[in-house]
């Protein structure tokens, strides 16, 4: 932890992330306000706003990851920030919803490149022993901006309308790009691990397949990615329907949804803070505990809503806090373990694939959740979600020893191969 606070490159990258993340939340709230309230868009048209950002990341994640490994990560991040800054400025003169869709889709494309490039740069900058603490701090920044961003955006949109918010968001990307400019170029450890080879001779397809092959060879990464993707898919069945569930309560506060979102962000922040101090953990075990925790919190919310329990202003945010805390136990350990296991020259490709899997889950999940809620009702949908999440965690605990044994066998096999080759 002390080493991280003295790492100038890491501090610059985290500061840039915090500024641009707040900007992301500013623009999302402003865009939904513009399209939903001022232009009176239909519910389906509003839902396309999120889809326009998510679809490029789902489709282009693995390819974008290969790009992040092939070219200068610093240059890619700066370019991505500057292009997104310009596109956000263009939204100030948008007069049709299709212009908004095109801008958001293009922003999603450059975001798909930025995420694996940032994760790769993080791998370059951080020592192996500090990686778990670094990923916990990253999670704290994400959850902190999740709480502050929408709150700040709501105040600014109410006070000054949407255009000034777009100007501010654009400025956050320019500031982020300026900060990234001060990062070191290609870190020496990256050059060494990559063998200083001229990668122009290597085909794009070959590098892309190399990333997929690495994920397949790492049982723990493959199992963790499957657990994360499947859990996210199940979670999104209900997560997107929380506002509908709240409507089932006869005495719910109009501000309950806001309190739930804020409390979940606080829970994620607290979990990240705990993980910075307790970094000697088993990643897969914590992921399973987190999945079970989310399932339990969603199940209790569904039961209390079914019985129309009073005092939802108290138990709602409390369960939101527990769900957010559990969610960080899923995301942070997995990302930290991937960073530790993955060679620096493959980081972009690996995180590109993971980002594609998780984004696909967050696209399909809400669509299935909406369909289930329409057919069965929102409370049964929450109960199904809770039961499946708890079931997945139990299956994970029963198969955990087999996964860890497989990881050990692969590691010993690789060491034997290395000795035979070097001998």
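Return the total of residues in segment 81-95 being outside any helix (DSSP H, G or I) and buried (at least 16 other Cβ atoms within 10 Å of the Cβ).
So the count comes out to 1.
Tell me yes or no: at least one residue of segment 139-156 is over 27 Å from residue 363 (Cα atoms), in the same structural domain as residue 7 (by TED's automatic domain parsing) and buried (at least 17 other Cβ atoms within 10 Å of the Cβ).
yes
Considering only segment 180-202, I want to know if a residue exists there that is more than 18 Å from residue 350 (Cα to Cα), at pLDDT 85 or above, in the same structural domain as residue 103 (by TED's automatic domain parsing) and within 22 Å of the chain's Cα centre (by Cα).
yes
Can you name the helices (runs of 4 or more DSSP H) wholly within segment 1-74 that have at least 3 residues being touching a residue at least 60 places away in the same chain (Cβ under 8 Å)?
Because the criterion is at least 3 residues that are touching a residue at least 60 places away in the same chain (Cβ under 8 Å), the helices (runs of 4 or more DSSP H) in segment 1-74 that meet it are 8-33, 43-70.
For residue 270, only one of the following conditions fails: (1) touching a helix residue (DSSP H, G or I) at 6+ places or on another chain (Cβ under 9 Å); (2) part of a helix (DSSP H, G or I); (3) modelled with pLDDT under 80. What is its number?
Going through the list (1) touching a helix residue (DSSP H, G or I) at 6+ places or on another chain (Cβ under 9 Å); (2) part of a helix (DSSP H, G or I); (3) modelled with pLDDT under 80, residue 270 breaks only (3).
Taking interchain pairs and intrachain pairs at least six residues apart, which have beta carbon atoms under 7 angstrom, with the first residue in segment 164-179 and free of Cβ contacts under 8 Å to residues at least 40 places away in the same chain and the second surrounded by fewer than 23 Cβ atoms within 10 Å (Cβ to Cβ)?
Here the result reads 164/156, each pair linking segment 164-179 to a residue that is surrounded by fewer than 23 Cβ atoms within 10 Å (Cβ to Cβ).
The values are calculated or read from the model by the stated rules, or taken from the named source; none is laboratory data. This one's a predicted model, so the numbers in the text were calculated from it and none came from an experiment. Note: ideal-geometry Cβ built from the backbone for every residue, glycine included; neighbour counts use all protein chains shown.
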